[in-house]
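Here's the structure we're looking at; comments come further down.
The values are calculated or read from the model by the stated rules, or taken from the named source; none is laboratory data. As the structure is a computational prediction, the values presented were derived from the model and not from experiment. Cβ: placed from backbone, ideal geometry, glycine included. Neighbour counts: every protein chain shown.
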Amino acid sequence: MTLATLVNVLKSTQNAVCQTAAAKLMLLHENSLDYDLHLRNANLSSMQIEHIAAAIQAIHSQGGPALHSVSLSYNKVSDQVMVSLVKRLPPTVTEVGLVQCGLSDLGGEALLAWAFGATKLQILCVEQNAFSQPLRAKFSALRQRRPGLLVVV
């Protein structure tokens, strides 16, 4: 699958950050092997994030380019959306940015469970969320268990 579905979803948001991301994706060649998706401070709704996640999942399941780096930092990401999002992130992801997204322990636990199984993950930035101290300790344990993984919490 090409990136056309994701491009269309991004364009449908009608905001500048997503328009810029869509334009960058359109510049990729049809045979591109990978892509990044940085949507920092895009003021995305939960529904828009769900649509973006579904497009990412479709690209992967249909053998499209591999998603490497994804950032939704500075967007309000509900815990329920995070639970759904981690189910849709492909195993190709190497970097995740979810800084100051308003996540609490429910979303953080879902992300943590995903991160433990994400063998290609190299960078996880989740600072400035509403995580409890015990959950922060679990993220630190992830860092200790996987020395090549940078976790910022």
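With respect to the numbered conditions (1) more than 13 Å from the chain's Cα centre (by Cα); (2) under 20 Å from residue 104 (Cβ atoms), which one is the sole condition not fulfilled by residue 77? For residue 77, the exception is condition (1). Applying the condition of being without any contact (Cβ under 8 Å) to a residue 24 or more places away in the chain and of a type in the set (A, V, I, L, M) to the range 17-40 and asking which residue is farthest from residue 54 (Cα to Cα) yields 27. Just one of the listed residues (54, 113, 42) is surrounded by fewer than 21 Cβ atoms within 10 Å (Cβ to Cβ), of a type in the set (A, V, I, L, M, F, W, C) and farther than 18 Å from residue 145 by Cβ, namely 54. Within the range 3-25, the set of residues being assigned to a helix (DSSP H, G or I) and modelled with pLDDT under 95 comprises 4, 5. Just give me the residues in the range 65-82 being touching a strand residue (DSSP E or B) at 6+ places or on another chain (Cβ under 9 Å), among the aliphatic types (A, V, I, L, M) and not in a loop (DSSP other than H, G, I, E, B), in sequence order. Scanning the range 65-82 gives 66, 67, 70.
The residue pairs whose first member lies in the range 91-111 and is farther than 13 Å from residue 75 by Cβ, whose second member is small (Gly, Ala, Ser), and whose beta carbons are closer than 6 Å, counting only pairs six or more residues apart or on different chains, are 92/66; 95/69; 104/130; 105/132.
When residue 59 is tested against (1) part of a helix (DSSP H, G or I); (2) β-branched (Val, Ile, Thr); (3) surrounded by 16 or more Cβ atoms within 10 Å (Cβ to Cβ); (4) out of contact with any helix residue (DSSP H, G or I) (no Cβ under 7 Å at 6 or more places or on another chain), just one condition goes unmet, and that condition is (4). May I ask you to verify whether residue 109 is in a helix (DSSP H, G or I), of a type in the set (D, E, K, R) and over 21 Å from residue 60 (Cβ atoms)? Yes, satisfied. Entry remark, the range 26-54: residues being within 19 Å of residue 73 (Cβ to Cβ), part of a helix (DSSP H, G or I) and of a type in the set (Gly, Ala, Ser) number 2 in total.
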